[in-house]
1. By the scheme Lys and Arg +1, Asp and Glu -1, what is the net charge of all other residues having a beta-carbon under 14 Å from that of Ile112?
2. Determine, for each peptide in 96-103, 148-155, the mean count of other beta carbons within 10 angstrom over its residues, then list the peptides with the highest first.
3. Starting from the Kirkwood radius over alpha-carbon pairs of region 28-211, derive D by Stokes-Einstein at 4 °C in a medium of 1.567 mPa s and give it in µm² s⁻¹.
4. Projected onto the charge dipole of region 87-212 (+1 at Lys/Arg Cβ, -1 at Asp/Glu Cβ, origin at the Cα centre), which of Pro121, Val142, Leu208 gives the Cα projection farthest towards the positive end?
Amino acid sequence: MKKIILLALALLLPAAADAADTALDRPYWSLEIKGGVFAPALGNWEQYYGTSNMPVYEGALAYKLLRQVEVGVGVGSAKDKGQAYAPNHGTTSGQVTYELYPINVFVLLRGIGSESQWLVPYVGGGWTRMYYRQKVEDQGTVSGSVNGYHVRGGLQLDLNGLDPDAANDMYMDYGVFHTYFFVEAEQTKARLSSAAVDLGGTAYLMGLMFEF
């Protein structure tokens, strides 16, 4: 009888170890890729650039301190062309290319309680370093940077439940636990103190987030 018990334990222990590993196995990183429109806070933007917003693209990488708490860094790019608007003195002068390159360091809080949860709300915010550049036709380039902050919030839809086979392949091939489609709004404040001009604005974005 003792030999049978020992044999059963020998067979069960590896299975128990595998189960424990699975229970402890969870994503520790997230990667976001997103795009949308950015509505600058600059006054009379539509008058100078013809539309009320400009296209913007962003990416972010974050580490999960907890399943619901992430810290990370993101970078973005926004570009438009129109009539010159100099942030230092607010005058127009010919054709201009206006570019913004924000760098965001953030904390993100996600309302996730289960790995099978389809909808996940989230909020976050942090420090922003906004790099800007204006290239005015036949007049040279003005560039610089300013510190600020941002806040954002949105809603994620877990795509794993829509196609479990593809989700399993993503995990087996690339280690991706979840793929989310999301929509979010992000507001940035980045003021040039020398001219009392806010280079921030509000972005409306959608994209994909991969947890691995």
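Coordinate-derived values only; no laboratory data. Source: prediction; values computed, not measured. Cβ sites come from the backbone with ideal geometry, for glycine too, and all protein chains shown count toward neighbours.
1. Values: positive: Arg26, Lys64, Arg67, Arg110; negative: Glu70, Glu115, Asp158, Glu211.
It works out to a net charge of 0.
2. Numbers: 96-103: 19.8, 148-155: 17.8.
My ranking of the peptides, most packed first, is 96-103, 148-155.
3. On the way: Rh = 17.6 Å.
Diffusion coefficient, whole number: 73 µm²/s.
4. The one lying farthest along the dipole's positive direction is Val142.
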